[in-house]
Amino acid sequence: VRIEYVRRPEMETAAEKLVWLSESNIETIDFEKINADKNYNWINLSENNWDLLLPLIDKETKSGKSGSAIFKMFTRGVATQRDEWVYDIDEKNLSKKVNYFIDVYEKTRKDKIHSESNKIKWDRELTKYKERNIAKEFESHKISKSLYKPYYTEYLYFDKHLIGMVYQWDNITKTGKPNIYLAINSGSNQFIPLVSNLIIQQGALLVGGGSTQCIPMFLHEGEQTLNNLTDWGLQQFTTHYKDNTITKENIFHYVYAVLHHPAYRKKYELNLKREFPRIPLNDNFWQWAKWGRQLMDIHINYEKAALYNLQRKDTLTDAAAKAKLKAFKPEGRIEIDSHTELTGIPAIAWNYKLGNRSAIEWILDQYKEKKPGDPTIAEKFNSYKFADYKEQVIDLIQRVCTVSVQTMEIVNSMPSSPS
């Protein structure tokens, strides 16, 4: 199947186009001939060597039908279906919410016409658990930190009965067995890679649709801990570079660096919007692996980064402080609230973007006071006040400013053209 296409001037009206068409000899029109690509895309076709690169992940390899991808297993981020109930910035408030939720669930399980059953958020899965008479009780050990948005964490109550879809997280998170997860936003208008050692929320990297896909470094099978990178993937690298000292962990680092390479992301921009990433075999493997290792260390340990030397100005007044959390990028300034501002943020720090926001702007957005959408949460558990976290936010901004500068220094040292 082929489409023959001709473009008329941008501002021409539909009526004018019809006049042109009626007066033209179709045999003399210089049509552009368009063929669909292998994925049946007819517009915005990419012209590059995408199909020659190594698949990062694919469904065939995940299902065991094929081994021709760098990583075997991947999973979506946790989709709770009730974030306001099972997530919270305050661990104590989360405990209160979940205790209340379980109490209502249990009373409804025992009495179908319980008067407060509509006070919690039900979905198809939770209803099934109730009908199967599955009893629940609060268990404090199920609370852990989770990456909710870039450089912003909340506490999560991780219980498969209270979470809509845990996907594969039960299998890749084991108490006492640390893991690292490479997260990408698949099918989005803006490609984002980010690494974390925490459970990742499904919407963590979503900008313009798509899904957050998470690739663990390790898999836990019984008492065994296995590397998630396939033997096929390892062989591609050791064979190409003629270097048997390359390890699977080195390749994890290499991949993370490549996914941050501006020239790679520009060249394959259209492909990354439609498909899982593919990875080129760049010159100088060990330099890329070093960059990736440095980026991973910076991004995972962002809360331990050095405090960037920002200038703080406090205005003394008797009036209560009003939260603002507003960035003025050209001025290198942030209004924290009506009493406090930070200045001296270098221009390069704003350039570390995850989608349409810089890392710093993600923090500003997440710490704003927002009215909960759930009426019960709004009535009983809306305890968040920015003033309680003001100093924590200032500290975090200074650290993520350092992270942003260090990230851009590494990214800017990468080759200006793709391999």
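The values are calculated or read from the model by the stated rules, or taken from the named source; none is laboratory data. Being a predicted model, the structure only gives us computed values, none of them experimental. Positions of Cβ are generated from backbone atoms using ideal geometry, with glycine treated the same way; all protein chains shown enter the neighbour counts. Side chains are part of the model used for accessible areas, which takes the heavy atoms of the whole protein and leaves out ligands, DNA and RNA. Shrake-Rupley method; radii C 1.70, N 1.55, O 1.52, S 1.80 Å.
Can you tell me the FRET efficiency between SER66 and ILE348 if r is taken as the Cβ-Cβ distance and R0 is 45 Å, rounded to the nearest 0.05? Mind dumping the intermediate values first?
Working: r = 42 Å, r/R0 = 0.94.
After rounding to 0.05, the efficiency reads 0.60.
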Rounded to two decimal places and with Rh computed the Kirkwood way over Cα pairs, what is Rg over Rh for the chain?
1.03
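Given 37 °C and 0.692 mPa s, how large is the Stokes-Einstein diffusion coefficient of the stretch 246-323 in µm²/s, with Rh as the Kirkwood radius over Cα pairs?
Values: Rh = 15.8 Å.
For these conditions, the coefficient is 207 µm²/s.
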Take the Cα pairs of the stretch 181-254, get the Kirkwood Rh, then feed it into Stokes-Einstein at 20 °C and 1.002 mPa s and tell me D in µm²/s.
153
If I histogram all Cα-Cα distances within the stretch 270-315 using bins 10 Å wide from 0, what percent of pairs lands in each bin?
19, 25, 31, 16, 8, 1
Kirkwood Rh and Cα Rg combined as Rg/Rh, the stretch 219-262
1.06
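Out of the stretch 172-277, which GluC sites (Glu not before Pro) are coil in DSSP terms and have no more than 10 other C-beta atoms within 10 Å?
Values: sites: GLU221, GLU223, GLU249, GLU269, GLU275; in loops: GLU223, GLU275.
Filter output for the stretch 172-277: GLU223.
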Return the Rg/Rh value of the stretch 72-217, two decimal places, where both radii are evaluated on C-alpha atoms and Rh is the Kirkwood radius.
1.00
To the nearest 10 degrees, how steeply does helix 248-258 sit against the main Cα axis of the chain, on a 0 to 90 scale?
70
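With a cap of 15 neighbouring Cβ atoms within 10 Å, and only residues DSSP puts in a loop, list the trypsin sites (Lys or Arg not before Pro) found in the stretch 377-415. Present the calculation step by step, with values, prior to reporting the outcome.
Details: sites: LYS380, LYS385, LYS390, ARG399; in loops: LYS385.
Loop-located and lightly packed - LYS385.
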Mean shadow area of the stretch 273-419 over all directions, Cα convex hull, nm²
12.4
Determine the share of the chain's accessible area contributed by carbon and sulfur atoms, expressed in whole percent, with a 1.4 angstrom probe.
48
Relative to the longest principal Cα axis of the chain, at what angle does helix 91-110 sit, 0 to 90 degrees, rounded to 10?
80
Against the longest principal axis of the chain, how steep is helix 231-241, in degrees 0 to 90 to the nearest 10, with axes from Cα atoms?
50
Could you count how many Lys pairs in the stretch 296-419 have their Cα atoms under 16 Å apart, skipping same-chain pairs fewer than 8 positions apart?
25
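How long is the gain from GLN287 to GLU125 if the chain were fully straight, where each residue apart is worth 0.36 nm and the alpha carbon distance is subtracted?
On the way: separation 162, 0.36 × 162 = 58.32 nm, distance 4.78 nm.
Going from the current span to full extension adds 53.5 nm.
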Would you report the distance distribution of C-alpha pairs in the stretch 148-222 as whole percents per 10 angstrom bin, up to the bin with the largest distance?
18, 51, 28, 3
